[in-house]
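Worksheet for the structure shown next.
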Amino acid sequence: MVASIQSNISALQAFSKQMAVSANNVANAFSDDFKKSRAINTEGENGQVKTTITKINTPGPLVEDPLSQTGELKELSNTDIAEELVNQIIAEQGFKANAKVIKTYEETIGSLVDLLG
């Protein structure tokens with residue numbers, strides 16, 4: 001059972017990283033030329049959860065630069081707030097599910113100790 005809990009702990013860390021990446025994307029959504037990142041969680045060794053963070057280099061929308069006197073275009077961030085909201089909900093629910101498993105494990109161990117004690 002301890003190996004299972006270690007998997008849940010690694011999942012908590014992975015979902016925390018996923019949330020941090022998404023929060024950084026949202027914080028920079030209005031920064032010109034900002035390129036969003038994506039955190040992908042996969043199964044690693046021994047059931048551990050591995051997070052891979054990659055930068056997404058798709059171009060953001062081009063708009064006329066209001067500070068330019070020549071009508072030049074500037075590239076905005078490629079962050080989609082709606083997509084980030086979905087990613088944050090997924091990370092939140094994954095975190096909650098793994099935290100619940102750990103809590104249940106602790107309660108079960110406590111009950112066993114009470115029965116044996």
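Each reported figure results from applying straightforward, stated rules to the coordinates on display, with no laboratory input. Predicted model, so just to flag it, every value in this text is computed and none were measured. Every residue, glycine among them, receives a Cβ derived from its backbone with ideal geometry; neighbour counts consider all protein chains shown.
Brief remarks on what is shown
- Between the Cα long axis of helix 81-116 and the first principal axis of the chain there is an angle of about 10°, rounded to the nearest 10.
- FRET efficiency, 1/(1 + (r/R0)^6) with R0 41 Å, evaluated for I109 and L85 via beta carbons: 0.65
- Length gained on full extension, I40 to L67: 6.0 nm, using 0.36 nm per residue less the C-alpha separation.
- The C-alpha atoms of the chain define a longest principal axis, and helix 2-27 lies at about 20 degrees to it.
- Cα-Cα over 23 Å, subset of K17/K103; K36/K100; K55/K96; K17/K100; K35/K74; K36/K96: K36/K100; K55/K96; K36/K96
- Over the chain, DSSP H runs of length four or greater, each weighted -39,500 (n - 2.57), average out per residue to a 222 nm ellipticity of -19000 deg cm²/dmol.
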